[in-house]
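The values are calculated or read from the model by the stated rules, or taken from the named source; none is laboratory data. Quick caveat, the model's predicted, so the values are computed rather than measured. Side chains included, ligands, DNA and RNA excluded: accessible areas come from the protein's heavy atoms. Shrake-Rupley method; radii C 1.70, N 1.55, O 1.52, S 1.80 Å.
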Amino acid sequence: MVSKQFDGPAAADLRRADSLAREIFSDVANKWALLIIEALGERTLRFSELRTQVQGISHKMLTQNLRMLERNGLVERRVYPTVPPRVEYTLTEAGRGLQATVDAMCDWTQRFLNHIESARTHFDNPDPL
């Protein structure tokens, strides 16, 4: 996979379709990546532990997202030379920085859950005129 190169301020502009920042944003702003980051938190987990923590994620999606997070320097993958090999995942410093944002999103969701649920109900069942 070829990615865009950082080339000054334009590369950091999320509004530009060709920016590196938008490519990174697109990678990490998906439900599975956010849930994986939340699950890792300050812990180191094995693949099977992560899969248990992130309910509903398939083996394939967990693998793809872990590779993407590792590629972007947010997750470190450590392989131990045992039989069978033991593989562990932990957040890097950059991943822990993003975790603060994910935690804030989780707090926001909990704070406004009732409001959102009410808005959805109203939207899905509008009052007749």
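So here's what we get for this one:
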{"quantity": "Net lengthening on full extension, GLU88/ALA29 (0.36 nm per residue, minus Cα-Cα)", "calculated": "19.0 nm"}
{"quantity": "Carbon and sulfur %, accessible surface of the chain computed with the full protein complex present, 1.4 Å", "calculated": "55"}
{"quantity": "Accessible-area ranking of MET68, MET105, MET61, largest first, probe 1.4 Å", "calculated": "MET105, MET61, MET68"}
{"quantity": "Rounded accessible area per residue of the chain, 1.4 Å, Å²", "calculated": "72"}
{"quantity": "Computed accessible area, ARG43, all protein chains, 1.4 angstrom probe, square angstrom", "calculated": "110"}
{"quantity": "In order through segment 113-129: 3J(HN,Hα) via Karplus (6.51 cos²θ - 1.76 cosθ + 1.60), integer Hz, x for Gly, Pro", "calculated": "4, 5, 4, 5, 4, 5, 5, 5, 4, 5, 5, 6, 9, x, 5, x, 6"}
{"quantity": "Nearest-10 value in Å² for the accessible area of HIS115, using the 1.4 Å probe", "calculated": "120"}
{"quantity": "HN-Hα J in Hz across segment 42-56 - Karplus 6.51, -1.76, 1.60, θ = phi - 60°, x for Gly and Pro", "calculated": "9, 10, 10, 10, 7, 3, 5, 5, 4, 5, 5, 5, 9, 4, x"}
{"quantity": "Over the chain: helical MRE at 222 nm, DSSP H runs n ≥ 4 each giving -39500 (n - 2.57), nearest 500", "calculated": "-18000 deg cm²/dmol"}
{"quantity": "Value of D in µm² per second that Stokes-Einstein yields for the chain, Kirkwood Rh from Cα pairs, at 20 °C (1.002 mPa s)", "calculated": "127"}
{"quantity": "3J(HN,Hα) from dihedral phi, segment 24-40, Karplus parametrisation 6.51/-1.76/1.60, rounded to Hz, x for glycine, proline", "calculated": "5, 4, 4, 5, 8, 8, 10, 4, 5, 4, 5, 5, 5, 4, 5, 5, 5"}
